[in-house]
Structures are given as structure tokens and as C-alpha cells.
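The next block holds one structure in the form of C-alpha cells; read it before the comments.
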Amino acid sequence: MTDHQAPPIPAQPAAPPRPGSLDPRELGFTPQRPVPWLAPLLLISTGLRTLLALLFGAYLDKRELQNSLPGTVTRQVGPDGDLWLDFVADLGDGFNATYSVAYLLTRPELEVDGHRLPRGQMLLMGGDQVYPTASGEAYENRCKGPYQAAMPQPPADGPPPALYAVPGNHDWYDGLTAFLRLFVRSRDDNVGGWRTPQSRSYFAVELPSDWWLFGLDGQSGVYLDDPQLRYFEEAAQRLTAESRVIIAVPEPSWVKAVDKPHEYDTIDYFIRTVIAPTGARVRLLLSGDLHHYARYTGPDRDLVTCGGGGAYLYPTHKLPGRIEVPPKDTLVRRASTSQSYELAGRYPDAARSRRYGWGIFGRLPLRNPGFATLLGGLHTLLMLAMVGVAAPRSEATAQRLFSIPLAIMLIVTLAGAVFFAQPPSAGRKRHARHWILGLCHGFAHIGLAAAGSWIWLQFFFHAWPWPLPVVAAAVVYGPIAGLVATQLTALYLLVAGLFGVNLNELFAGQGIEDAKCFLRLHIAADGTLTGYPVAVDRICRRWQAEPDGHPTDAWLTPKQPLAYRLAEAPFTLR
């Protein structure tokens with residue numbers, strides 16, 4: 001491992017020409033719409049990528065190869081002996097939300113609730129810098145492009161801020177290839193006005209007043225590889241009993257361990273074997289992955305989730321008010337002593353989070369037209385099968401060959417509903433409520449199809465010669481059935497969410513772009529760390545180009561006011 005000197009500041013390339021409009025040819029990237037998470041093709045594609053990552057992750061793991069890269073420990077200290085550090089995560093989704101947060105991060109100063117917060121001298125991205133899957137083009141359009149537009153050149157009043165990034169599960173879907181090309185020190189060493197000094201997908205950074213930042217790469221929660229552990233063990237040799245450590249991880253395993261105790265095992269192992277022997281204290285755990293802000297406080301440290309950088313809002317009203325970390329029922333025999341942590345702050349608040357849930361009825365079909373089309377098609381086939389049984393006719397051989405037996409359609413409907421109620425996020429421990437709600441959902445759709453079949457038989461369409469009934473069903477019945485079935489699914493999601501089932505789908509289906517957040521940390525010269533969670537209740541959706549601006553100014557500015565506030569009162573750690 002090399003010495004922990006700050007890397008040399010590379011010469012900045014010539015400033016690119018400022019765009020005169022939002023035309024992608026002038027911007028150099030294409031602003032993206034929010035990901036329609038319930039679109040059928042996207043679900044299949046993302047599901048396959050996830051399956052491949054789970055099955056072949058060990059074969060695609062590039063962390064072992066990174067052992068050949070320099071194992072540098074960098075140092076970040078402001079000119080006054082303090083440091084302003086920004087944390088943002090889950091940012092590579094729709095342009096409006098991602099750029100709203102990026103624009104605020106790059107303002108020279110934010111005045112919020114009576115506090116003056118200078119721009120961060122260091123930016124930490126906490127995972128999932130791109131959605132839905134990683135690729136060079138996706139990073140360019142959903143991450144690098146928006147952030148370069150927000151700060152195309154380093155600020156003129158100081159050195160370039162540093163940018164570090166922790167890979168999340170979506171960054172891993174291509175085996176980390178595109179992530180390494182963008183964030184690990186390369187030929188350009190910069191993303192817009194930020195320099196990128198990290199040399200691997202994980203890093204250790206010395207901060208002011210004996211604070212340290214360790215960014216871990218857990219490869220989608222699998223494990224920490226040996227080269228990574230050796231790197232951190234060598235970095236930890238610089239720690240003392242007075243040192244305080246911030247650990248950035250890809251997901252808030254302290255919350256997920258409530259249902260799956262093994263989720264916290266990796267972090268606990270790291271703290272026990274790497275940090276604890278030095279006598280240093282872990283004072284703060286930082287993560288994204290869940291797209292909201294939540295802070296748990298305990299006797300030894302704070303646990304903060306801040307995943308509001310751009311992706312769809314994830315609810316907060318089901319967060320446990322109290323958690324045990326590590327969980328007492330973990331199977332690890334040498335686990336640390338469990339401590340109790342209380343929920344100290346969250347954004348949005350529980351009441352507002354519940355109100356957002358009711359928006360599923362309007363947002364589900366608007367955000368996911370492909371999902372409504374899929375339901376319309378399935379209900380059309382189910383109706384035709386039911387009509388074929390209820391009103392049999394002497395049919396042509398071709399019609400019988402192209403008919404789907406009713407039994408098969410019933411099985412497909414029930415199986416699909418049960419499978420939908422048990423997503424991968426439910427883990428191996430499938431509770432009875434998943435099965436019960438899934439079956440109820442399936443029978444509700446069968447009941448809807450029976451009612452639709454009865455109504456269809458009241459009209460003359462079914463008496464037409466084949467294939468006209470099928471054409472009429474596709475043109476007339478399908479769109480109506482798709483809309484009604486979408487509302488039935490929305491009702492199911494709302495009810496299931498009350499029981500903690502399909503909670504992610506309830507909000508992913510809405511694709512809520514508002515209610516975004518990031519965390520601004522200040523480490524004072526006396527060693528006091530203060531956290532300012534900044535909340536953006538409503539993002540900007542209309543932007544204007546600034547072709548005559550200074551080279552360091554943002555390319556695009558909001559046409560409408562971009563208001564912000566603190567998600568909770570500032571918190572302090574020492």
C-alpha cells in the first residue's frame with residue numbers, strides 16, 4: 001500500500017462548449033425519463049440480469065483483479081483544517097430528479113433553515129449510480145452527463161472537489177466494468193468538475209481531526225474479498241484509539257437484518273476484525289439503497305440511510321421504530337454484542353409516506369403503460385377462454401387450435417399473482433401473508449374476468465364469425481380490461497402494503513420523483529461532525545440552458561423555484 005499523500009491534481013481539460021438548449025447533441029448526453037419499473041420487458045431484463053449476477057457473480061467478480069491496482073490511502077482536508085463532505089446515493093434514474101439534486105449539491109452555498117452550508121469539498125456517491133442496469137451509455141446519460149452539466153469545471157475559488165463512489169447492486173449487473181471505467185482513476189481522472197482519486201472500487205480516506213472514511217464494496221451483499229480485507233487491514237494500522245471512523249456501505253443492512261439477520265454479518269465481521277483491534281470507534285454508518293432518509297441512533301454510533309439522489313421514493317412509514325444491531329438471532333457465533341438503536345429521524349415523515357401510497361391508482365397506469373397493456377392482454381385471453389366454455393359453438397378448426405384452454409389460463413393467473421406477491425426482496429423466509437395475499441389477488445382477477453365475460457356475452461361481438469370476435473376483444477375489451485385490471489392491482493398493492501407485502505412494488509410502480517434528499521456533513525477542526533440532511537419536497541421539471549454563463553457555472557438552471565429544507569434538525573457526533 002502506498003503512502004497516504006493526496007494525489008496530484010491533474011491538469012483540467014479544455015472546457016467543453018456550453019449548450020444553447022437541451023438538445024442531446026449540444027449536451028453530449030440524452031436526458032432520460034424515469035425508469036418504468038413495472039414495464040414487462042424491463043422486469044424480464046432486470047430479472048435476468050439479477051439472476052445472472054447471483055448465479056455467476058463469483059465468476060464476474062473483478063475485485064480480486066483489482067489487487068494489481070495501486071492500494072492508495074488518500075487524504076482530504078480543507079484549507080481551514082475542516083472538511084465539508086456531501087453524501088448522495090441512488091441517483092442515476094430520471095433526469096429531472098437526478099439533476100435537481102446535482103444542481104443543489106454544486107451551488108457555492110446553501111442557506112437552509114438558518115444554516116449556511118458551503119459546497120462540499122468532497123462528494124461521496126453511495127451506490128446505484130445508474131438504473132436499471134449498468135453500461136457505459138447508461139452511466140453517460142443518467143449519471144456522468146447530469147453531474148457534468150451541474151458542475152462542468154472545478155470551482156474557480158479553490159481546488160477541484162474529490163469524488164468517491166461505492167458500487168451498489170445495480171452497478172454490479174455488468175460485473176462492475178462500467179463503474180471501474182468511470183470512477184476508478186483513469187486517463188481523464190475527472191467527472192465534470194470533480195477529480196476521481198480512488199484507485200479501486202473500495203477506498204480509505206483520511207479526513208480532518210483523525211476522522212476516517214472507509215468505503216466498502218460488498219458485491220451485492222455477498223462477502224468482502226481477501227485483497228479488500230488486506231487493503232483495509234493495512235489502512236487500519238494508521239488508526240489509533242482516538243480515531244473515529246465513517247463506514248460507507250452499499251445497503252442499510254441494519255434495517256434489512258430485522259427480517260434477514262444474516263444481512264448485517266459482513267459489516268459486523270469487518271468492524272470486529274478490522275476496526276475494533278485498533279481501538280478506534282465506528283461513529284457513523286452511511287448507506288443508500290432504500291430511497292429515503294432515515295437515521296437510527298444508539299449508544300455508540302448513528303446509522304444513516306440517505307438514498308434520495310434521484311430514484312423513485314421508497315416509503316418510510318413501515319420502518320421499525322427500534323432495531324437491535326447486530327440482531328440477536330444471527331447465526332454468527334462471534335457476533336458483537338447487540339445494541340438497541342432508536343429511529344431518530346426520517347424523510348418523508350410517516351404520514352406523508354402513507355399519503356403517497358394512495359397515489360398508486362393514478363400513477364400506476366400512467367408510469368407503466370406497458371404493465372397495463374400486459375394486464376389487458378391477459379384478461380382478454382382469460383375472457384375468451386371463459387366465453388368459449390360458457391357459450392360453446394360449432395367453431396372452425398383454426399379457432400379451436402388458437403384457443404387457450406380455460407384451465408391453463410386460470411393456473412397462469414393464480415401462479416402469476418402468487419409469484420408477484422413473493423418478490424426476491426421477500427428473501428427465503430416466505431410468510432403465510434405472502435401466499436394468502438397472492439392467492440386473494442389471483443382470485444380477484446379471476447372474478448374480474450368472470451364479470452367481464454358475462455358483460456361481453458351481453459353484446460353481439462361473440463356471435464360474429466371467427467376471427468372477428470378475437471379482433472373485437474383485442475380492440476374493445478382489451479384496453480378497458482387493462483385499465484380496470486390495473487386499478488385492481490393498485491388496490492391489491494395498497495392493501496398488501498399494509499401488511500408489509502409488495503411495499504417496494506407499491507412505490508416503484510408510482511415512480512415518485514419528488515421527496516429527494518442528500519446529506520451534507522461538516523467535520524470541524526476540533527473533531528466535531530455535524531450532519532445536515534437536506535430535503536427537496538418538489539423537484540424541478542423545467543430547465544433552461546445558460547449558454548453565456550461562466551465555464552464553471554451549471555449548464556442548466558431551473559425555470560421554477562427549487563425549494564429545500566432540512567429533513568430533521570442537524571445531528572452531531574464527536
Inset, instruction - Show the residue pairs that are 6+ apart or on different chains and have beta-carbon atoms under 9 Å apart, the first residue being within the range 222-235 and within 14 Å of Pro167 (Cβ to Cβ), the second being at pLDDT 80 or above and open to solvent by 20 Å² or more (accessible area, probe 1.4 Å). - result: Val222/Thr266; Leu224/Thr266; Leu224/Tyr269
Inset, instruction - Return a yes/no flag: does the range 381-393 have any residue that is surrounded by fewer than 21 Cβ atoms within 10 Å (Cβ to Cβ), in a helix (DSSP H, G or I) and within 22 Å of the chain's Cα centre (by Cα). - result: no
Inset, instruction - Could you tell me whether the range 305-320 includes any residue that is closer than 15 Å to Ser253 by Cα, touching a residue at least 24 places away in the same chain (Cβ under 8 Å) and either of a type in the set (Lys, Arg) or open to solvent by 30 Å² or more (accessible area, probe 1.4 Å) (or both)? - result: yes
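Every residue, every condition in (1) crowded, with 22+ Cβ neighbours inside 10 Å; (2) under 20 Å from the mean Cα position of the chain (by Cα), yes or no:
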position: Gly175; (1), (2): no, yes
position: Ala204; (1), (2): yes, no
position: Ser209; (1), (2): no, no
position: Thr240; (1), (2): no, no
position: Lys256; (1), (2): no, yes
position: Asp259; (1), (2): no, yes
position: Thr273; (1), (2): no, no
Legend entry - From the options Trp466, Trp454, Trp435, residue that is touching an Asp or Glu at 6+ places or on another chain (Cβ under 8 Å), more than 28 Å from Asp90 (Cα to Cα) and not basic (Lys, Arg): Trp466
Inset, instruction - Considering only the range 178-194, state which residues are modelled with pLDDT of 85 or more and either assigned to a helix (DSSP H, G or I) or among the hydroxyl-bearing types (Ser, Thr, Tyr) (or both). - result: Ala178, Phe179, Leu180, Arg181, Leu182, Phe183
Inset, instruction - Only strands (runs of 3 or more DSSP E) wholly contained in the range 493-574 count here; list those with 2 or more residues that are open to solvent by less than 20 Å² (accessible area, probe 1.4 Å). - result: 516-523, 529-536, 571-573
Legend entry - Index of the failed condition, Ala156 passing every other in (1) part of a helix (DSSP H, G or I); (2) open to solvent by 30 Å² or more (accessible area, probe 1.4 Å); (3) in contact with a Ser or Thr (Cβ under 6 Å, 6 or more places away or on another chain): (1)
Inset, instruction - Considering each residue of the range 349-367, count those that are closer than 9 Å to His317 by Cβ, among the charged types (D, E, K, R) and in contact (Cβ under 8 Å) with a residue 60 or more places away in the chain, and give that number. - result: 1
Inset, instruction - May I ask you to list the residues in the range 425-443 that are at pLDDT below 75 and open to solvent by 30 Å² or more (accessible area, probe 1.4 Å)? - result: Ser425, Arg428, Lys429, Arg430
Legend entry - Gly168 being open to solvent by less than 10 Å² (accessible area, probe 1.4 Å), in contact with a helix residue (DSSP H, G or I) (Cβ under 9 Å, 6 or more places away or on another chain) and not in a helix (DSSP H, G or I): no
Inset, instruction - Go through the residues of the range 444-451 one by one and say whether even a single one is surrounded by 13 or more Cβ atoms within 10 Å (Cβ to Cβ), in a helix (DSSP H, G or I) and modelled with pLDDT under 90. - result: no
Inset, instruction - For Arg200, work out the one condition from (1) out of contact with any Phe, Trp or Tyr (no Cβ under 8 Å at 6 or more places or on another chain); (2) closer than 17 Å to Pro70 by Cα; (3) modelled with pLDDT under 90 it doesn't fulfil. - result: (1)
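The values are calculated or read from the model by the stated rules, or taken from the named source; none is laboratory data. What you see is a predicted model; the values in this text were computed from it and never measured. When we count neighbours, we look across all protein chains shown, and the Cβ atoms used for this are built from the backbone with ideal geometry, even at glycine. Side chains are part of the model used for accessible areas, which takes the heavy atoms of the whole protein and leaves out ligands, DNA and RNA. Shrake-Rupley method; radii C 1.70, N 1.55, O 1.52, S 1.80 Å.
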